[in-house]
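One structure is given below, encoded as structure tokens.
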Amino acid sequence: DSGVTQTPKHLITATGQRVTLRCSPRSGDLSVYWYQQSLDQGLQFLIQYYNGEERAKGNILERFSAQQFPDLHSELNLSSLELGDSALYFCASSGDGTDEQYFGPGTRLTVT
Amino acid sequence: AQSVTQLGSHVSVSEGALVLLRCNYSSSVPPYLFWYVQYPNQGLQLLLKYTTGATLVKGINGFEAEFKKSETSFHLTKPSAHMSDAAEYFCAVILGYQKVTFGTGTKLQVIP
């Protein structure tokens with residue numbers, strides 16, 4: 001158990017819909033990262049937050065957005081969903097952003 | 001810009017044989033280097049990391065990696081493969097407070 005929790009574990013929704021994925025980092029970790037993993041794209045870094053502020057951005061689509069709240073939990077919002085958004089979405093946390101990351105178990109999103 | 005290259009998306013070894021997974025990076029300054037392992041339907045977990053100091057790093061499950069600055073490499077090895085080592089392995093690099101960059105992953109198959 002990494003100490004990072006993600007909800008929900010599974011999510012099935014239709015094209016065009018909007019979903020919110022939630023992540024709680026390990027106790028004391030200030031950085032949260034979001035990743036998308038699919039068979040064709042592999043592991044893609046989406047975005048990083050550090051203590052509530054956006055620190056780094058990766059291959060995140062404009063239809064996707066994220067935020068980190070004062071209690072350090074984070075949410076990833078995916079809107080106007082397409083079939084190609086079906087993937088595993090991982091959240092990870094770290095202390096200050098320069099050390100190892102602890103990954104959550106992931107949320108499996110299926111868009112039908 | 002930093003980047004990570006993992007040679008070989010799939011590697012097969014016999015049980016008991018040497019495991020060698022290759023990782024090369026490009027970075028203008030010394031990076032932090034990591035190896036993560038992902039078992040099926042799970043998140044990534046840290047195997048080992050290099051930040052500073054000794055260039056030969058030992059990790060969990062008998063794995064080790066050597067940072068070779070002259071070759072810009074951080075290859076992962078294990079003297080004797082076990083069936084339980086079958087998984088996907090990711091090399092990653094962090095440069096300062098910049099975003100982490102993951103390699104494309106290498107799936108290790110262990111043949112009995």
Which one of these is of a type in the set (Ser, Thr, Tyr) and within 13 Å of the chain's Cα centre (by Cα): B:Thr55, B:Thr101? B:Thr101
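Say whether the condition of being more than 12 Å from every other protein chain (Cβ to nearest Cβ), part of a strand (DSSP E or B), open to solvent by 30 Å² or more (accessible area, probe 1.4 Å) and among the hydrophobic types (A, V, I, L, M, F, W, C) is met by at least one residue in the range A:80-92. Don't jump to the end; show me each part of the working.
Just the residues of the range A:80-92 that are more than 12 Å from every other protein chain (Cβ to nearest Cβ), to begin with: A:80-87.
Remaining after also requiring part of a strand (DSSP E or B): A:87.
From what's left, open to solvent by 30 Å² or more (accessible area, probe 1.4 Å): none.
Checked the range A:80-92: no residue is more than 12 Å from every other protein chain (Cβ to nearest Cβ), part of a strand (DSSP E or B), open to solvent by 30 Å² or more (accessible area, probe 1.4 Å) and among the hydrophobic types (A, V, I, L, M, F, W, C).
Take A:Ser2 and tell me if it is among the small types (Gly, Ala, Ser), touching a residue at least 24 places away in the same chain (Cβ under 8 Å) and either at negative phi or part of a strand (DSSP E or B) (or both). I'd like the intermediate steps shown before the answer.
Details: among the small types (Gly, Ala, Ser): yes; touching a residue at least 24 places away in the same chain (Cβ under 8 Å): yes; either at negative phi or part of a strand (DSSP E or B) (or both): yes.
So A:Ser2 passes the test.
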In the range A:5-44, anything open to solvent by 30 Å² or more (accessible area, probe 1.4 Å), on the phi < 0 side of the Ramachandran plot and part of a loop (DSSP other than H, G, I, E, B) is listed as A:Pro8, A:Lys9, A:Ala14, A:Thr15, A:Gln17, A:Arg18, A:Arg26, A:Ser27, A:Leu30, A:Leu39, A:Asp40, A:Gln41
Strands (runs of 3 or more DSSP E) within chain B that include 3 or more residues out of contact with any Cys (no Cβ under 8 Å at 6 or more places or on another chain): B:10-14, B:19-26, B:32-38, B:44-50, B:56-58, B:64-68, B:87-94, B:106-111
The number of residues in the range A:47-79 that are away from chain B (no Cβ under 14 Å), touching a Gly at 6+ places or on another chain (Cβ under 8 Å) and touching a residue at least 40 places away in the same chain (Cβ under 8 Å) is 1
Which of the residues spanning the range A:45-74 are in a strand (DSSP E or B) and open to solvent by less than 40 Å² (accessible area, probe 1.4 Å)? A:Phe45, A:Leu46, A:Ile47, A:Gln48, A:Tyr49, A:Ala56, A:Phe64, A:Ala66, A:Gln68, A:Ser74
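The values are calculated or read from the model by the stated rules, or taken from the named source; none is laboratory data. Small disclaimer: the values here were computed from a predicted structure and weren't measured. FYI the Cβ positions are ideal-geometry reconstructions off the backbone, even for glycines, and counts take in every protein chain you see. All accessible areas refer to the heavy atoms of the entire protein, side chains included, with ligands and DNA or RNA removed. Shrake-Rupley method; radii C 1.70, N 1.55, O 1.52, S 1.80 Å.
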